[in-house]
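The values are calculated or read from the model by the stated rules, or taken from the named source; none is laboratory data. Nothing here was measured: the structure is a model prediction, and the numbers come from that model. Here the Cβ positions follow ideal geometry from the backbone for every residue, glycine too, while neighbour counts run over all protein chains shown. Please note that ligands, DNA and RNA were not included when accessible areas were found on the heavy atoms of the full protein model with its side chains. Shrake-Rupley method; radii C 1.70, N 1.55, O 1.52, S 1.80 Å.
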Amino acid sequence: MQRRDFVKSTLGLAGATLAGNSLAGNESSPPQTMAKNQFKLLYAPHFGMFTNSAGKDLIDQLKFMADNGFKALEDNGMMGRPVEEQEKIAKEMARLGMKMGVFVVDKGGNGANTLAAGKKEYIDIFLNGCKKAVEVAKRVNAKFMTVVPGDFQRDLPIGIQTGNVIDALRRGAEILEPHGLTMVLEPLSDTPNLFLRTSDQTYEICRGVNSPACKILFDVYHMQKNEGHIIPHINWCWSEIGYFQIGDNPGRKEPTTGEINYKNVFKHCYEKAKANNQEFIWGMEHGNAFPGKEGEMALIKAYVESDSFAV
């Protein structure tokens, strides 16, 4: 499942509008301290994951997430939502005590307008996306936004491509850093044409950009496919990681449905973050393994199990 398909499916499930009375009766939602589950980590579902249990209304979905212990939200397509919808989502999240995870900076698609080419027209598209992202981030109280540099520019040496990417990202960081915002670079496994493929390569680029506004989005699903050896790679890249995403492999579904021992990964990162006085959002960028309400309950159960590590 590629990100563009994931965005389409989740936005389609969620519905394009918010009901006019969505905010009515909010007082009946229990606060996070009364949630059914008390997770140790900040897991961030997407809209559309719980439509069978919560309905298509986005505010109702937020309340369902909070009621079940999820303390954050991830919405790749947030930049494409109407301003009024963004504001309603942000207002309800603030009331529920939820944090906003990543949304994707619109630069024309994962592979398009590649920064590796060093072309002014591509860089301008990226920088305009960063400027628009600042306004969206302010509106929805977001701190992180996903950036994918694009495909390889195969007529250029790899070192030249890497230099072009670093130069472009430095300019993007100059836009974001004054606002306390961070773009998180995501290496992907969707296609070998994509320039950014591994965590160590992303680490190298972040060190080259040398800005708190440019960090790594460590998607465990993609990194299991591209490099494996998950915990050592997390350790090696730790100083440059700003955000995590989740998906089991094979299948890109919830934890416990594939080969990744998420309980161990979560425990390791929880303890390492606690020792360093850090906290990360973990975006649930995956599908549901089973359909209907039963599948949604199974997904929640999988997170309860994976989060049940001893500390």
**Study point:** residue 14 modelled with pLDDT under 95, of a type in the set (A, V, I, L, M, F, W, C), surrounded by 18 or more Cβ atoms within 10 Å (Cβ to Cβ) and out of contact with any strand residue (DSSP E or B) (no Cβ under 8 Å at 6 or more places or on another chain)
**Key:** yes
Scanning region 51-110 for residues that are of a type in the set (S, T, N, Q), within 20 Å of residue 133 (Cβ to Cβ) and touching a residue at least 60 places away in the same chain (Cβ under 8 Å) gives 76, 110
Within region 33-81, residues being in a helix (DSSP H, G or I), open to solvent by 10 Å² or more (accessible area, probe 1.4 Å) and at pLDDT 95 or above number 10
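For region 82-122, which positions are hydrophobic (A, V, I, L, M, F, W, C) and open to solvent by 20 Å² or more (accessible area, probe 1.4 Å)?
Across region 82-122, the qualifying residues are 83, 94, 104, 112.
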Expected output for region 128-156 (first residue β-branched (Val, Ile, Thr), partner surrounded by fewer than 16 Cβ atoms within 10 Å (Cβ to Cβ), Cβ below 6 Å, 6+ apart or cross-chain) is 134/179
Flagged pairs (Cβ under 7 angstrom, 6 or more apart or on separate chains; first in region 262-283, within 21 Å of residue 146 (Cα to Cα); second at pLDDT below 95) are none
Taking region 284-308 and keeping residues open to solvent by less than 10 Å² (accessible area, probe 1.4 Å) and among the charged types (D, E, K, R) leaves 285, 296, 307
Check: Residues in region 151-164: is at least one in contact with a strand residue (DSSP E or B) (Cβ under 9 Å, 6 or more places away or on another chain) and open to solvent by less than 40 Å² (accessible area, probe 1.4 Å)?
Finding: no
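Might you let me know whether region 248-262 holds any residue that is in a helix (DSSP H, G or I), open to solvent by 30 Å² or more (accessible area, probe 1.4 Å), over 19 Å from residue 101 (Cα atoms) and in contact with a Gly (Cβ under 9 Å, 6 or more places away or on another chain)? Give the steps one after another, and end with the answer.
As a first pass, look at region 248-262 and keep what is in a helix (DSSP H, G or I): 262.
Then drop every residue that is not open to solvent by 30 Å² or more (accessible area, probe 1.4 Å), which leaves none.
No, there is no match, as no residue in region 248-262 is in a helix (DSSP H, G or I), open to solvent by 30 Å² or more (accessible area, probe 1.4 Å), over 19 Å from residue 101 (Cα atoms) and in contact with a Gly (Cβ under 9 Å, 6 or more places away or on another chain).
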Of the conditions (1) polar (S, T, N, Q); (2) under 20 Å from residue 114 (Cα atoms); (3) in contact with a Ser or Thr (Cβ under 8 Å, 6 or more places away or on another chain), the single one that residue 161 does not satisfy is (3)
